[in-house]
1. Along the Cα→Cβ direction, 7 angstrom out, place labels at LEU266 and SER157. What is the inter-label distance in nm?
2. Using label points projected 7 Å from each Cα along Cα→Cβ, tell me how many nm separate GLU193 and LEU401, to one decimal.
3. To the nearest 10 square angstrom, how much accessible area does TYR47 have with a 1.4 angstrom probe?
4. Using r as the Cβ-Cβ distance of TRP123 and HIS237, and R0 as 35 Å, what FRET efficiency do you calculate, to the nearest 0.05?
5. Please give the length that would be gained between GLN137 and GLU391 if that part of the chain were fully extended, namely 0.36 nm times their separation in residues minus their C-alpha to C-alpha distance (nm, one decimal).
6. Extending each Cα 7 Å along its Cβ direction at ASN66 and ILE44, get the distance between those two points in nm, one decimal.
7. Using the Cβ atoms and a cut-off under 12 Å, what net charge is assigned to the surroundings of GLN176, where Lys and Arg are +1 and Asp and Glu are -1?
8. Work out, step by step, the length gained on full extension between LEU412 and ARG90: first 0.36 nm times the residue separation, then minus their alpha carbon distance; give nm to one decimal.
Amino acid sequence: MEEMRPSSGPQAFPSIFPPGLHAIYGECRRLYPEQPNPLQVTAIVKYWLGGPDPLDYVSMYRSLGNSSLGVPEHWHYVSFGLSDLYGDNRVHEYTGVDGPSGFGFELSFRLKREPEESAPPTWPAELMQGLARYVFQSENTFCSGDHVSWHSPLDNSESRIQHMLLTEDPQMQPVQTPFGVVSFLQIVGVCTEELHAAQQWNGQGILELLRTVPLAGGPWLITDMRRGETIFEIDPHLQQERVDKGIETEGSNLSGVSAKCAWDDLSRPPEDEEDSRSICIGTQPRRLSGKDTEQIREALRRGLEINSKPILPPISMQRQNGMNHDRASGRLLHGRHFTYKSITGDTAITFVSTGVEGAFATEEHPYAAHGPWLQILLTEELVERMLEDLEDLSSPEEMKLPKEYSWPEKKLKISILPDVVFDNPLP
């Protein structure tokens, strides 16, 4: 439950006002000195007391925009709670002044003000709470350029704005608090076609295009829920001249997705120790290194499409498989890696191409496992073959599950299974 009220401002409580909160308020006052007491949406039962909403507050400011830059008047929302507001370990572990405060960021959102609006709509606060719940439950942070597949109008209307990209807020500067540094990531509402372009190419490229199209965001990336055209409908040349060319020359920067997945070694123990097709675990089992863990976290951070968390709408696995297959192959052909991280356990499956730095799958041992993490080395020739064999994944609505693909000479088999299979633990 939430309530909305004017904020009481730090001046009223100089001795007990939380220092982390005070630091963020200072940055807000720099931008809006004439609005010391903005309307706030407040979590009635705070998160550390068992409430469902991780954000203690969402402040809502009225921005006049910038007429010389073509920035329209809009509502500016700022969250409080993803960073450490209190420094007493009630929510976030205190880690010192030099590193990130809490998760290291707060969310912002800029919504175009409609002429009839005298007060800011409150639905963006719940949207921010939803994203914050994902971060708290998964411990996966967001970065500029990340995308979030929402598959529903952000304001529950009939709008085409149904997904989000994340970028640095154009005005808010990182702030130093007694508990670490806080930066500000702005939510940008986008259409499905723009999300797909970000997935196939990269989020930063699409954000840059949105900045150049005033109707689609402009320089401050204002979200207009009444926008009826995508940037590609507004300017048809953008798809071919910018996006397609970018995909061709750069590939995709999406490094992974969360998925329902599992793997197993079905081969018998090799009689010949030199059998390079067997799973290579190494003679000394070791814990995943920090670099290994960071690679998995990076993969998770860039793929929220398939997610068991209740705050994101359920996504059809069938629909998603084809898109993941396209993006994975795009990265592998450009000499990178792509990870499927299980949402039902600790399992991770990473496909790596020849020459990826830090990979423990090699040409000698193309299947390598460290604990629950499997790496599979794919040569360019095998990627090309798999692309042909997996072509029907591009039309998942016509595909009947379960579906199996096999490359016997490579001792590799991939099965696409219905969601229900993963609802029960594997034997």
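1. 5.1 nm
2. Taking the two extended label points, one gets 2.9 nm.
3. Number for this one is 70 Å².
4. Numbers: r = 34 Å, r/R0 = 0.98.
Efficiency, from the Cβ-Cβ distance: 0.55.
5. Details: separation 254, 0.36 × 254 = 91.44 nm, distance 3.52 nm.
Taking 0.36 nm per residue and subtracting the Cα distance, the gain is 87.9 nm.
6. 4.1 nm
7. Details: positive: none; negative: GLU27, ASP98.
Its environment carries a net charge of -2.
8. Values: separation 322, 0.36 × 322 = 115.92 nm, distance 4.80 nm.
Full extension from LEU412 to ARG90 adds 111.1 nm.
The values are calculated or read from the model by the stated rules, or taken from the named source; none is laboratory data. What you are looking at is a predicted structure, and each value in this text was computed from that prediction instead of being measured. We place every Cβ from the backbone using ideal geometry, glycine too, and count neighbours over all the protein chains shown. The protein model used for the area step is the full one, side chains on, heavy atoms only, and it has no ligands, DNA or RNA in it. Shrake-Rupley method; radii C 1.70, N 1.55, O 1.52, S 1.80 Å.
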